[in-house]
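Colleague: Quick one: the structure is below, and I'll ask about it shortly.
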Amino acid sequence: RQRTDDAIISGAEHADLVRHATALGDFLFGMLFDEDAVRRLERATLPGYPRPLITLRSADDVLLSLPWELLHHDGSFLLRDGRVDLARSTPDDVGPGALVPEPPEVFKLVVNVSAPAGSGLDYEGEAYRITRALAESVELTPTELGTVEDLIETAKRVRPAGLHFSGHGAPGRLQFEDDEGRSDWVGIAELAGELKRRVPGGLPPFFYLASCHGNEPAVPEKGQSGSESSAAHLHRAGVAQVVGYYGPIADELSTRAEEALYGALAAGETARYAVREAREALQRPFRGRAGHRDTATTEAPVATSHPFAWAQLVLYHRGPDRPLCKAVPAAVRRSHDAVLQRTFLGVGKRLMLQTGFVGRRTELHQVRQRIRRGDKVFVFQGLGGLGKSTLAMRMLPMLGAEDDVVVLWCQETESQPDRAEALVAQLLDYCRGRFGSGWEQVVFQVDRVAGDDSARRFVLFLDVLLQNVPRLVLYLDNLESLQVGPDDPRSGHDENAMGEWRSDAVAAIWTALVEIAGQRELRVVASCRYRHPDFRGQLLPVSPMASDALYRMMGWFPALRRLSGEAREELVRRLAGHPRAVEFANDLVAHQLGEWEDERGPWTLSDPPTEEELERERRDLLEPALPEVRERLWEDLLLAAIWERVLDERARRMLFRMTLLRRPWEPELNRVLGEPEEPEEQARETAERLRRTSLLEQVELWRATGKGRPERVRRYTLHPATAQFIAERFGEHGELARAANLRVGEVLEAQIRRSPYIET
């Protein structure tokens, strides 16, 4: 067991592990096969016969948890060498629901990835690995929150043929997230019971436990029987086929197995055959963590650090071994992708997302935490096009009923001479629509008291509204329209003007909203590109989308869904988590496809695509489109306007130094990213100005503390699109970069001496 847990780095360790595995495999074989059974097995494994299946059936989960995959006879590991297949089962009576029905057209799979704060799991990396591996094979529906409730509700909606759990596991338990992103351990019996009770049709026919210890009983107490493993419990509860692991499994190896297994299932193969394919994938050379271990030996490293990973994969099987779906080409499967749907809100061209919200797990966790601690003002802040409005719209139902939400469209005030008065007009539209002609008496009284003071009129109307509505939510979309932007002449003459309120009346309205929210039943939500000192304690930074969400999002767009998985993966790397860039890419790829088909006929791809077809995609679709995508994105983000009209040379040089940092950095580093001779306070002031423009982004990350509960820490970063723009505008500055690397290195060397954190 210990040798299985560790990565093997030397030939001596490899030989020792093979010796133990062989001895154990011989012993396990001797337990199952007497002389007569050996003769029967040898006849069954002669050439020309179908591969025999050994089924171990027992009510004792401790016995079922033994590593029977190591069966060894006559110098051969029988499963590794493809001589037999092996499955486990329980002797329970089950109904017809446990049998695999006639296969559907497409294999529907619900995937749950849980990575609670402090767990050490990389949610974004794991979710993207799974999405990339499976999206071209199955009809994939990921859960968005990582909670057990989200898994049950998603299964209830989708009615999948299979469920997939990826995350930490322990004997008899799985680690989900709670709705604030912290750990929530759930017993397998509780999970199975809720799925059977709440999902129409009960448990699906297939369940993949991509977690450690799925086939180990809880507290076996020195080998005593009576404990249940997660895999055996699910099988006993009615899941016809369960795949899990003995012991811990390396993330990359788990993904390899998943890709091979689901690829076989999507091709119309049986689960037994799919597990066989997964074992083959697990036998391929893998170095894994072995490359990170220190060793004094000069011996050449072994080919694979986990030579018996194939034996950790277990299959529980009951009933006929039918395919879980029919063989469907990838192009047909891609046609099942959901299409992005939007709806118009209010008047004008307010396109908002109606279906297809994906990702944003971290931001939603923060939203719930702040709601529960009693916050009443929330400002989603970040670069344009990151999905701030969509996220804010997602939040509004958490705060109040639909009728009690006032939406103010700040961007529409830009065409009005008095933006504060334009806000008053939008508030009046809501009030008149809700209270009818009776509201005109209120208008008469307020106008008589407040005259043409827009801020006072807004506050008085809001006061009367709150007297008639028990709990109100007010949302200001594109709040930056009420602030000084790079297009305003003031931002070019006063570098501190960027992000300031455009008028005293607008500033007074915001101040009043915050004060009233603190005293009354009012919640204020806003989306805004720029920071302002008035937002302190209210900001919710919005970061680029995770890679898996961006990849899934591409399936909503008609041109991008025609691309191969490899081309979509290239776009994920190049679009840097920016949703609006995906829209630009779809338009431009559609243009390139149109030109191709006009000249040469229909665009087609093989399944899987050939190397020549992939090169054609890169050459004729992506490469012509991507430079224009970049230019459109830079224009949308107003990068040139900010660079030329707002920033001075000192700020530009600081931004260039920031492009050298490869991951989010601590606030302490900002003081050495300014001019070499300037005081630290001046460097911090420059960084603060950059934060207000959103070019310098603030993110909050979880960090383990060693005290049982992780803590949130503030970090700074540049969006990849911003960093690319800066590097291109700045050009070659080798000495500036070298000096910055040295200064940052000195700070980090000092931190290393006192920091216990691996990130340092």
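Colleague: Is segment 233-241 home to any residue that is in contact (Cβ under 8 Å) with a residue 60 or more places away in the chain and closer than 30 Å to LEU391 by Cα?
Modeller: no
Colleague: A further question follows. Given the residues ALA585, ALA559, which is the only one that is open to solvent by less than 40 Å² (accessible area, probe 1.4 Å), in contact with a helix residue (DSSP H, G or I) (Cβ under 8 Å, 6 or more places away or on another chain) and closer than 22 Å to PRO142 by Cβ?
Modeller: Just a single option satisfies the conditions, and that option is ALA585.
Colleague: Hey, another quick one. Do we find that PRO533 is within 30 Å of ALA127 (Cα to Cα) and either of a type outside the set (Lys, Arg) or open to solvent by less than 10 Å² (accessible area, probe 1.4 Å) (or both) in this structure?
Modeller: So PRO533 fails the test.
Colleague: Taking segment 203-216, which residues are farther than 23 Å from VAL138 by Cα and open to solvent by 10 Å² or more (accessible area, probe 1.4 Å)?
Modeller: CYS212, HIS213, GLU216
Colleague: Select from segment 20-38 the residues that are touching a strand residue (DSSP E or B) at 6+ places or on another chain (Cβ under 6 Å), open to solvent by less than 60 Å² (accessible area, probe 1.4 Å) and either in a loop (DSSP other than H, G, I, E, B) or of a type outside the set (A, V, I, L, M, F, W, C) (or both) and list them in ascending order.
Modeller: THR22, GLY25
Colleague: Count, please, the residues in segment 668-699 that happen to be closer than 17 Å to GLU746 by Cβ and in contact (Cβ under 8 Å) with a residue 40 or more places away in the chain.
Modeller: Residues meeting the conditions: 6.
Colleague: Among LEU17, LEU63, LEU79, LEU41, which is assigned to a helix (DSSP H, G or I), modelled with pLDDT of 90 or more and closer than 24 Å to PHE286 by Cβ?
Modeller: Of LEU17, LEU63, LEU79, LEU41, the one residue that is assigned to a helix (DSSP H, G or I), modelled with pLDDT of 90 or more and closer than 24 Å to PHE286 by Cβ is LEU17.
Colleague: Considering segment 637-647 alone, what residues qualify as being open to solvent by 40 Å² or more (accessible area, probe 1.4 Å) and either of a type in the set (Phe, Trp, Tyr) or at negative phi (or both)?
Modeller: Matches in segment 637-647: GLU644, ARG645.
Colleague: Since ALA425 meets every condition but one in (1) at pLDDT below 90; (2) of a type in the set (A, V, I, L, M); (3) open to solvent by 20 Å² or more (accessible area, probe 1.4 Å), which condition does it not meet?
Modeller: (1)
Colleague: Any residue in segment 393-415 that is of a type outside the set (A, V, I, L, M, F, W, C), more than 39 Å from the chain's Cα centre (by Cα) and open to solvent by 20 Å² or more (accessible area, probe 1.4 Å)?
Modeller: No: zero hits.
Colleague: I would also like to ask the following. Are any residues in segment 143-168 of a type in the set (Val, Ile, Thr) and either more than 16 Å from the chain's Cα centre (by Cα) or assigned to a helix (DSSP H, G or I) (or both), and if so, which ones?
Modeller: If the condition is that a residue be of a type in the set (Val, Ile, Thr) and either more than 16 Å from the chain's Cα centre (by Cα) or assigned to a helix (DSSP H, G or I) (or both), then VAL148, ILE152, THR154, VAL158 are the ones that fit.
Colleague: Out of LEU633, LEU669, LEU660, which single residue is in contact with a helix residue (DSSP H, G or I) (Cβ under 8 Å, 6 or more places away or on another chain), crowded, with 19+ Cβ neighbours inside 10 Å, at pLDDT 90 or above and not small (Gly, Ala, Ser)?
Modeller: Of the residues listed, the single one that is in contact with a helix residue (DSSP H, G or I) (Cβ under 8 Å, 6 or more places away or on another chain), crowded, with 19+ Cβ neighbours inside 10 Å, at pLDDT 90 or above and not small (Gly, Ala, Ser) is LEU633.
Colleague: Considering only residues that are loosely packed, with under 15 Cβ neighbours inside 10 Å and farther than 27 Å from THR390 by Cβ, which ones fall in segment 454-482?
Modeller: ASP463, GLN467, ASN468, PRO470
Colleague: Restricting attention to helices (runs of 4 or more DSSP H) lying wholly within segment 291-401, give those where 1 or more residues are modelled with pLDDT of 70 or more, of a type outside the set (S, T, N, Q) and more than 30 Å from HIS14 (Cα to Cα).
Modeller: Numbers: elements: 330-334, 361-372, 388-399.
Result: 361-372, 388-399.
Colleague: Follow-up question, since we're still on this one. When SER227 is evaluated against the numbered criteria (1) assigned to a helix (DSSP H, G or I); (2) open to solvent by 10 Å² or more (accessible area, probe 1.4 Å); (3) under 23 Å from ALA59 (Cα atoms); (4) of a type outside the set (A, V, I, L, M, F, W, C), which criterion, by number, is the only one it fails?
Modeller: The single condition SER227 does not satisfy is (1).
Colleague: Any residue that is touching a Gly at 6+ places or on another chain (Cβ under 9 Å), modelled with pLDDT of 90 or more and crowded, with 20+ Cβ neighbours inside 10 Å - is there at least one of those in segment 244-257?
Modeller: Looking for residues that are touching a Gly at 6+ places or on another chain (Cβ under 9 Å), modelled with pLDDT of 90 or more and crowded, with 20+ Cβ neighbours inside 10 Å, one finds at least one in segment 244-257, hence yes.
Colleague: Starting from segment 245-268, keep only residues that are within 24 Å of ALA161 (Cα to Cα) and outside any helix (DSSP H, G or I), then list their pairs with residues that are open to solvent by less than 10 Å² (accessible area, probe 1.4 Å) and aromatic (Phe, Trp, Tyr) whose Cβ atoms are within a distance under 7 Å, requiring at least 6 positions of separation or different chains.
Modeller: No pair meets every condition.
Colleague: If I ask for residues that are surrounded by fewer than 20 Cβ atoms within 10 Å (Cβ to Cβ) and either among the β-branched types (Val, Ile, Thr) or at positive phi (or both), which ones from segment 483-514 would you list?
Modeller: Within segment 483-514, THR511, VAL514 qualify.
Colleague: Of the residues in segment 699-749, how many are closer than 18 Å to THR362 by Cβ, at pLDDT 80 or above and open to solvent by less than 50 Å² (accessible area, probe 1.4 Å)?
Modeller: The number of residues fulfilling the criteria is 6.
Colleague: Still on this model: Out of the residues in segment 738-758 that are closer than 21 Å to THR659 by Cα and among the aliphatic types (A, V, I, L, M), state the one that is farthest from the chain's Cα centre (by Cα).
Modeller: Looking at the filtered set, the residue picked out is ALA739.
Colleague: Assuming GLU623 fulfils every condition listed in (1) open to solvent by 80 Å² or more (accessible area, probe 1.4 Å); (2) under 30 Å from ALA264 (Cα atoms) apart from one, which condition is it?
Modeller: If we test GLU623 against (1) open to solvent by 80 Å² or more (accessible area, probe 1.4 Å); (2) under 30 Å from ALA264 (Cα atoms), just (2) comes out false.
Colleague: Moving to a separate point now. If you go through segment 179-192, how many residues are open to solvent by less than 60 Å² (accessible area, probe 1.4 Å), touching a residue at least 60 places away in the same chain (Cβ under 8 Å) and at negative phi?
Modeller: Step one: list which residues in segment 179-192 are open to solvent by less than 60 Å² (accessible area, probe 1.4 Å), which gives 179-181, 183-184, 186-189, 191-192.
Those left that are additionally touching a residue at least 60 places away in the same chain (Cβ under 8 Å): 179-181, 183-184.
Filter once more, so that each one left must be at negative phi: 179-180, 183-184.
Number satisfying all stated conditions: 4.
Colleague: Now, a different point. Take PRO200 and tell me if it is open to solvent by 30 Å² or more (accessible area, probe 1.4 Å), free of Cβ contacts under 8 Å to residues at least 60 places away in the same chain, part of a loop (DSSP other than H, G, I, E, B) and of a type outside the set (Phe, Trp, Tyr).
Modeller: Numbers: open to solvent by 30 Å² or more (accessible area, probe 1.4 Å): yes; free of Cβ contacts under 8 Å to residues at least 60 places away in the same chain: yes; part of a loop (DSSP other than H, G, I, E, B): yes; of a type outside the set (Phe, Trp, Tyr): yes.
For PRO200, the condition - open to solvent by 30 Å² or more (accessible area, probe 1.4 Å), free of Cβ contacts under 8 Å to residues at least 60 places away in the same chain, part of a loop (DSSP other than H, G, I, E, B) and of a type outside the set (Phe, Trp, Tyr) - is met.
Colleague: Checking THR55 against (1) open to solvent by 30 Å² or more (accessible area, probe 1.4 Å); (2) in contact with a strand residue (DSSP E or B) (Cβ under 9 Å, 6 or more places away or on another chain); (3) part of a helix (DSSP H, G or I); (4) not charged (D, E, K, R): exactly one of these is not met. Which one?
Modeller: (3)
The values are calculated or read from the model by the stated rules, or taken from the named source; none is laboratory data. What you see is a predicted model, and the numbers here were worked out from it, not measured in a lab. In this analysis, Cβ positions are derived from the backbone assuming ideal geometry, glycine residues included, and neighbour counts consider all displayed protein chains. In case anyone asks, the SASA skips ligands and DNA or RNA and just uses the protein heavy atoms, side chains included. Shrake-Rupley method; radii C 1.70, N 1.55, O 1.52, S 1.80 Å.
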